[in-house]
Amino acid sequence: MTTPATEAISLGPNAEVLYQVADGIATVTMNRPQFHNAQNSKMTYALDEAYRRAAADDAVKVIVLRGAGKHFSAGHDIGTPGRDINESFERASLWYDHVNKPGGEFLYAREQEVYLGMCRRWRELPKPTIAMVHGACIAGGLMLAWVCDLIVASDDAFFADPVVRMGIPGVEYFAHPYELHPRIAKEFLFLGERMGAERAERMGMVNRVVPRDALEDTVYGMAAKVAQMPRLGLTLTKQAVNHVEDLQGKRTAMDAVFAWHHFAHAHNELVSGDKLGGYDARAMAASQRTGEDKA
């Protein structure tokens, strides 16, 4: 198997992210396998630090994002012992701290920083990124894969955004109608079912699907080819394609849906006393197990 040769640097207070560089390729590994790489704030800020390192390092031409353990990412952390939604962190943007803010301001300020803001910044990173997806890529996990330029999935990978069950119109980085045909995006959200890797490839959301035991070699083989290209050419090409997406309305659409997302949080809290409409990690996981994987 082709793996990065250098020793990993641990990022985050509990090594939530591992960072390695070899042969022009930076590898960013989400490292909460015991929680299926659910994203707490410590992991999110560690991811941001990893991408900053890769962007600043002239030796890095391309970045691979992967997950340790059984799954790429089970989404936002809404129930592990390491959930840290009420903790303050050094801000990566100019948004103020969310902690101790009243009402809807609490989540609105937090998610402007850690979800919408960071994902947009990672999408615009001027170096190509490849998501190496295996197992689950659910809700917040979609955001991490979607900001990457290429997605390569193993044949056991599956994708889902079940948050409509919470009364919420999709995750904060709302790219669904751009990753999928709008009618398929509606199905994906309305039903909340798993989409298998093969169907995701047919829909254009995934570049390639390969057997699980070939995933690593395939991704690093692609990354090695990308790393042979001139840096500026890669940067300008990425900017060009992203610009076309934004001309098609991606950024302004995302702004609108982010507002509706937070209206839904506020409505849930008024009606039920809970921003997530009464769902926790266990209930959301159970809802995914009840449906069949749709190939």
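The values are calculated or read from the model by the stated rules, or taken from the named source; none is laboratory data. Predicted model, so just to flag it, every value in this text is computed and none were measured. Here Cβ is always computed from backbone atoms with ideal geometry, including for glycine, and neighbour counts include all displayed protein chains.
Worth pointing out:
- The stretch 48-59 residues that are farther than 14 Å from residue 129 by Cα, paired with ones that are assigned to a helix (DSSP H, G or I) (beta carbon under 9 Å, 6 or more apart): 58/231
- Selection count where residues are assigned to a helix (DSSP H, G or I) and either of a type outside the set (D, E, K, R) or at pLDDT below 95 (or both), scope the stretch 11-42: 4
- Consider the stretch 179-195 and keep the residues that are assigned to a helix (DSSP H, G or I) and touching a helix residue (DSSP H, G or I) at 6+ places or on another chain (Cβ under 7 Å). The one that is surrounded by the fewest Cβ atoms within 10 Å (Cβ to Cβ) is 190.
- Being among the charged types (D, E, K, R), modelled with pLDDT under 95 and within 30 Å of residue 85 (Cβ to Cβ) is a property that residue 282 has.
- Helices (runs of 4 or more DSSP H) lying entirely in the stretch 105-159 (those with 3 or more residues that are within 21 Å of residue 243 (Cβ to Cβ) and in contact with a helix residue (DSSP H, G or I) (Cβ under 8 Å, 6 or more places away or on another chain)): 118-123
- For the criterion of being closer than 19 Å to residue 242 by Cβ, surrounded by fewer than 19 Cβ atoms within 10 Å (Cβ to Cβ) and free of Cβ contacts under 8 Å to residues at least 40 places away in the same chain, residue 204 passes.
- Residue 176 vs. criteria in contact with a helix residue (DSSP H, G or I) (Cβ under 8 Å, 6 or more places away or on another chain) and within 23 Å of residue 278 (Cβ to Cβ): no
Results for (1) assigned to a helix (DSSP H, G or I); (2) hydrophobic (A, V, I, L, M, F, W, C); (3) surrounded by 12 or more Cβ atoms within 10 Å (Cβ to Cβ); (4) over 19 Å from the mean Cα position of the chain (by Cα), shown as yes or no for each residue.
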| residue | (1), (2), (3), (4) |
| --- | --- |
| 209 | no, yes, yes, no |
| 217 | yes, no, yes, yes |
| 234 | yes, yes, yes, yes |
| 242 | yes, no, yes, no |
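- Among (1) charged (D, E, K, R); (2) out of contact with any Pro (no Cβ under 9 Å at 6 or more places or on another chain); (3) farther than 20 Å from residue 119 by Cβ, the one test that residue 84 misses: (3)
- Scan of the stretch 31-47 for residues that are within 16 Å of residue 142 (Cβ to Cβ) and touching a residue at least 60 places away in the same chain (Cβ under 8 Å), ordered by number: 36, 37, 38, 39, 44, 47
- When the test is whether a residue is among the β-branched types (Val, Ile, Thr) and not in a helix (DSSP H, G or I), residue 64 passes it.
So that you can scan it fast, the table gives a plain yes or no per residue for (1) without any contact (Cβ under 8 Å) to a residue 40 or more places away in the chain; (2) of a type outside the set (S, T, N, Q); (3) farther than 28 Å from residue 110 by Cα:
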site	(1), (2), (3)
196	no, yes, yes
224	no, yes, yes
244	yes, yes, yes
258	no, yes, no
